[in-house]
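The values are calculated or read from the model by the stated rules, or taken from the named source; none is laboratory data. Everything quoted here is computed from the prediction, not taken from an experiment. We place every Cβ from the backbone using ideal geometry, glycine too, and count neighbours over all the protein chains shown. Quick note on the areas: whole protein, heavy atoms, side chains included, nothing else; ligands and nucleic acids left out. Shrake-Rupley method; radii C 1.70, N 1.55, O 1.52, S 1.80 Å.
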Amino acid sequence: SSDQADLKKAYQLQTSFGPNESGFINNAYGYTFAEFLDYVKKCEKTSLGIDLPESYVPATVFILESDEHEYVGIFNLRHKLNETLRNGAGHIGYGISPNYRKKGYATQGLALVLQEQKNGIDEALLSVNKKNLGSLKAQQKNGAAIYREDEKEYYTKIKLM
């Protein structure tokens, strides 16, 4: 079925990332295809707030597709924040596959996810590894302003209202 094909493409995308690339944590790193399918089911439940592990919040995973129908990036939209996320990763985490970096996909994908998020919150919080200036630029192109920093990260806010 086409769903299987899409899952194969999604698996290839997921396996193109290391365990932690510039702050993008790959929760499915090293998974077999079968393990990945289980992971996808868990992600579906997480988006609905079902069977959430402690300290998790409802979140939806989006895959960014190029005009050529290649899967180029993964975006994770958290629907609400707990204290840890508010002080850390924020509402949106994302990674662009190594083959597709520096082509504007982070900026595009972030714009799409921000459209999804506009219901009910007036600002999105994000963080970015200080070494990842491309990612910071993508956030700034979407209206982000740095509001604090620590040794490793910039923390940004994007006004939505």
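Details
- Count of region 120-136 residues, restricted to those that are more than 14 Å from residue 89 (Cβ to Cβ) and under 16 Å from the mean Cα position of the chain (by Cα), is 2.
- Residue ID - nearest to the chain's Cα centre (by Cα), chosen from residues in region 86-102 that are assigned to a loop (DSSP other than H, G, I, E, B) and of a type outside the set (Gly, Ala, Ser): 91
- Considering residues of region 92-124 that are out of contact with any strand residue (DSSP E or B) (no Cβ under 9 Å at 6 or more places or on another chain) and of a type in the set (S, T, N, Q) only, the residue least open to solvent (accessible area, probe 1.4 Å): 107
- Candidate set from region 12-38 (those that are touching a residue at least 24 places away in the same chain (Cβ under 8 Å) and part of a helix (DSSP H, G or I)); member that is nearest to residue 153 (Cα to Cα): 14
- All positions within region 89-124 that are touching a helix residue (DSSP H, G or I) at 6+ places or on another chain (Cβ under 7 Å), more than 23 Å from residue 15 (Cα to Cα) and among the aliphatic types (A, V, I, L, M): 124
- Meets criteria (at pLDDT 95 or above and closer than 29 Å to residue 122 by Cβ) for residue 77: no
- Among the residues making up region 139-160, those that are closer than 20 Å to residue 101 by Cβ and either open to solvent by less than 80 Å² (accessible area, probe 1.4 Å) or polar (S, T, N, Q) (or both) are 139, 140, 142, 144, 153, 154, 156.
- Scanning region 125-138 for residues that are surrounded by 14 or more Cβ atoms within 10 Å (Cβ to Cβ) and farther than 25 Å from residue 10 by Cβ yields a total of 4.
- Condition check for residue 81: under 14 Å from the mean Cα position of the chain (by Cα) and under 26 Å from residue 147 (Cα atoms): no
- Close pairs (7 angstrom Cβ cut-off, 6 or more residues apart or separate chains): of a type in the set (S, T, N, Q) in region 58-69, open to solvent by less than 60 Å² (accessible area, probe 1.4 Å) and outside any loop (DSSP other than H, G, I, E, B) anywhere: 60/47; 60/77; 66/72
- Selection over region 73-85 of residues that are free of Cβ contacts under 8 Å to residues at least 40 places away in the same chain, closer than 20 Å to residue 135 by Cβ and in a loop (DSSP other than H, G, I, E, B) gives a count of 0.
- Total residues in region 39-72, condition more than 18 Å from residue 88 (Cβ to Cβ), of a type in the set (Phe, Trp, Tyr) and assigned to a loop (DSSP other than H, G, I, E, B): 0
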